[in-house]
């Protein structure tokens, strides 16, 4: 069973990499997302510091402003992540149609959906804030209460991740607002349930394997260069960090590309270019047979 899941996940990974190879600009979007996220976090440091000082001084409105800052941080980061994920999904969509989307065309499309991106970011930030508040409440309870509430919070977080898996493709393909996009995402999941999520997580397992290989390679190297001095060690650690970030970046894009292909398959029954019908068919097993499989080619 596990061997089969691993095999399919590896095949899915290779197919996703094939698309990334065709459209290397796909890697540009998460890099830009990371840069803008860092800039945003740095910009938020000053107001966050002010709120912290007010709290230390016993300012009565500290709790309110503290949560305001958390919400604004979530909102900004969600907006940046969503904007560039829309870019990835749109580029993949155009590639799957047999065409090529230039970065300029992709950014133009993303900016045309800026209102949808902002509304989704508001909802995402609100959910993030509520989950954070649950964490705060859990810390005030006894050991048993904290464990129970932490488990509930984790379950809610996982459920949110599951039901929103196709939100961005829904925005890109059907121009849907956040609530309708969630409904569409749930609808796609209902039509194509089964072992899907386990096998999608399999892509993450492959990512974990690459990270493990990095540890196996770099830890001995760091030990070997340690006699050469602290500079050599720092250089090696820097290379290791770059390797890990590269793995996370590439697999993040691969996951979005595969989700886009999967969304098209779940919606139309059509296998997009570069993906094997058997792999996609086994990844999401449809509950209801409506003859759609007869149109797969």
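Among the residues of region 84-129, the ones that are more than 18 Å from residue 28 (Cβ to Cβ), exposed (fewer than 14 other Cβ atoms within 10 Å of the Cβ) and modelled with pLDDT of 90 or more come to 3 in all.
Being modelled with pLDDT under 85, within 30 Å of residue 34 (Cα to Cα) and in a helix (DSSP H, G or I) is true for just one of 266, 261. Which residue is that? Spell out the reasoning first.
Numbers: 266 fails: within 30 Å of residue 34 (Cα to Cα).
Step by step, each of 266, 261 is checked, and only 261 is modelled with pLDDT under 85, within 30 Å of residue 34 (Cα to Cα) and in a helix (DSSP H, G or I).
The set of residues from region 177-193 being outside any helix (DSSP H, G or I) and surrounded by fewer than 20 Cβ atoms within 10 Å (Cβ to Cβ) comprises 177, 193.
Is it the case, given these coordinates, that residue 107 is closer than 29 Å to residue 270 by Cβ and assigned to a helix (DSSP H, G or I)?
Details: closer than 29 Å to residue 270 by Cβ: yes; assigned to a helix (DSSP H, G or I): yes.
In short, yes.
Does residue 248 satisfy the criteria of being at pLDDT 85 or above, more than 22 Å from the chain's Cα centre (by Cα) and in a helix (DSSP H, G or I)? The answer is no for residue 248. The residue list 40, 79 contains one member that is over 22 Å from residue 17 (Cβ atoms), in a helix (DSSP H, G or I), modelled with pLDDT of 95 or more and not assigned by TED's automatic domain parsing to the domain that holds residue 270, which is 79.
The values are calculated or read from the model by the stated rules, or taken from the named source; none is laboratory data. Only a predicted model underlies this, so the values are computations on that prediction, with no experimental measurement involved. Neighbour counts run over all protein chains shown; Cβ positions are idealised from the backbone, glycine included.
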